[in-house]
1. Any residue at all in region 62-73 that's touching a residue at least 40 places away in the same chain (Cβ under 8 Å) and either under 14 Å from I22 (Cβ atoms) or not aliphatic (A, V, I, L, M) (or both)?
2. Looking at F96, is it among the aromatic types (F, W, Y) and within 17 Å of E29 (Cα to Cα)?
3. Anything in region 88-110 that is assigned to a helix (DSSP H, G or I) and either aromatic (F, W, Y) or surrounded by fewer than 12 Cβ atoms within 10 Å (Cβ to Cβ) (or both)? List them, or say none.
4. Test R24 against the criterion of being without any contact (Cβ under 8 Å) to a residue 12 or more places away in the chain and touching a Gly at 6+ places or on another chain (Cβ under 8 Å), and give yes or no.
5. Pairs under 6 Å by beta carbon, first residue closer than 17 Å to I2 by Cβ and at pLDDT 70 or above in region 90-101, partner part of a helix (DSSP H, G or I) and not charged (D, E, K, R), six or more apart or different chains?
6. Could you please find all residues in region 1-48 being outside any helix (DSSP H, G or I) and either surrounded by 11 or more Cβ atoms within 10 Å (Cβ to Cβ) or in contact with a Phe, Trp or Tyr (Cβ under 8 Å, 6 or more places away or on another chain) (or both)?
7. Mind listing whichever residues of region 49-82 are exposed (fewer than 13 other Cβ atoms within 10 Å of the Cβ), assigned to a helix (DSSP H, G or I) and not aromatic (F, W, Y)?
Amino acid sequence: MIAVEREARALGSIVRRNFHLIRRYLGWEVVFLFYNIVNTLTIGLIGLSLPPSQRAKTVVYLAIGALLWNFLSILFQEIANAVAWERWEGTIEYSFMAPIHRLTYLFGVCLYGCCMA
């Protein structure tokens, strides 16, 4: 039970650390969020050119596909940015030498990416 608590704290600290790394770029994150929303709505509007019998189903498929595509795109981008920032700062070795499991590190970075997506 103590090991699970320790890994949960490490997971939270990774999310908090990554948030503090991008704190100064939070305005840009809002801009990118707005861009992704408009992009998804634009893709959904493609289905409105179809006949009414096919319109509802197609718009739902297009919107869900665009949302999933944007979510995965942002998730992988945030993971890549986290690794790139650590390489640039020279702290990636310290992150991988920390006394936590690599899966905990990976889940922490992915959880952060999910929170930002």
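The values are calculated or read from the model by the stated rules, or taken from the named source; none is laboratory data. For clarity, every value in this text was computed on a predicted model and none was experimentally measured. Don't worry about glycine lacking a Cβ; one is built from the backbone with ideal geometry, like all the others, and counts go over all protein chains shown.
1. yes
2. When the stated conditions are applied, F96 does not pass them.
3. W88, E89, E93, Y94, F96, M97, R102, L103, Y105, F107
4. no
5. The qualifying pairs are I100/A10.
6. Selection gives I22 alone.
7. S49, P52, S53, Q54, A56, K57, V60, I64, L68, L72, S73, A80
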